[in-house]
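Take a look at the structure set out below.
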Amino acid sequence: MTTQTQTAWPENVIARYLTVGGATVSIWDADQWTPAAAACAGCSASNEDGGANSSDPKRWAQSHAETCRAIPKPA
Ligand SMILES: [Zn+2]
């Protein structure tokens with residue numbers, strides 16, 4: 001069985017969380033131009049949208065993954 005978690009990670013992604021819907025929430029490391037950020041591949045939500053834990057990408061990713069039921073798009 002192939003799942004989305006087994007594909008290569010994009011450059012600068014430092015962590016991924018599997019959502020309850022089977023999508024992934026990725027965290028991109030900060031660089032000199034941008035702060036660390038987290039975004040969900042299932043529903044396109046991002047910590048940059050604001051809301052609870054939005055200032056902490058890791059906490060945002062963890063809590064989003066626990067509640068997001070969006071199914072990932074077929075590759
Ligand atoms: Zn989501």
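Express the accessible area of the chain per residue in Å², computed with a 1.4 Å probe while the remaining protein chains stay in the model.
That works out to 67 Å² per residue.
Could you tell me the relative contact order of the chain? Use alpha-carbon pairs under 8 Å, at least six residues apart, and round to a whole percent.
Relative CO of the chain lands at 30 percent.
So which trypsin sites (Lys or Arg not before Pro) in segment 18-75 are both in a DSSP loop and have at most 12 other Cβ atoms within 10 Å of their Cβ?
For trypsin sites (Lys or Arg not before Pro) across segment 18-75 that sit outside H, G, I, E and B with at most 12 neighbouring Cβ atoms in 10 Å, the list reads Arg69.
Can you give me the orientation-averaged projected area of the convex hull built on the Cα atoms of segment 1-66, in nm²?
4.5 nm²
Rounding to the nearest 20 debye, state how big the charge dipole of the chain is about its Cα centre with +1 on each Lys and Arg Cβ and -1 on each Asp and Glu Cβ.
300 debye
Just want the answer: with Cβ charges of +1 for Lys and Arg and -1 for Asp and Glu, which residue in Ile27, Ser55, Ala70 is farthest toward the dipole's positive end in the chain?
Ala70
What's the angle, to the nearest 10 degrees (0 to 90), between helix 57-67's Cα axis and the longest principal axis of the chain?
40 degrees
Work out, step by step, the length gained on full extension between Ile14 and Ser44: first 0.36 nm times the residue separation, then minus their alpha carbon distance; give nm to one decimal.
9.0 nm
Taking loop as defined by DSSP and a crowding limit of 16 other beta carbons within 10 Å, which GluC sites (Glu not before Pro) in segment 11-75 fit?
Answer in residue order: Glu11.
Return the distance in nm (one decimal) between the two label points of a simple spin-label model at Asp31 and Ser54, each offset 7 Å from Cα along Cα→Cβ.
Computed distance between label sites Asp31 and Ser54 equals 2.5 nm.
The values are calculated or read from the model by the stated rules, or taken from the named source; none is laboratory data. None of these values were measured; they are calculated from a predicted model. With ideal geometry, Cβ positions are generated from the backbone for all residues, glycine too; neighbour counts draw on all protein chains shown. Surface areas here come from the heavy atoms of the whole protein model, side chains and all, with no ligands, DNA or RNA. Shrake-Rupley method; radii C 1.70, N 1.55, O 1.52, S 1.80 Å.
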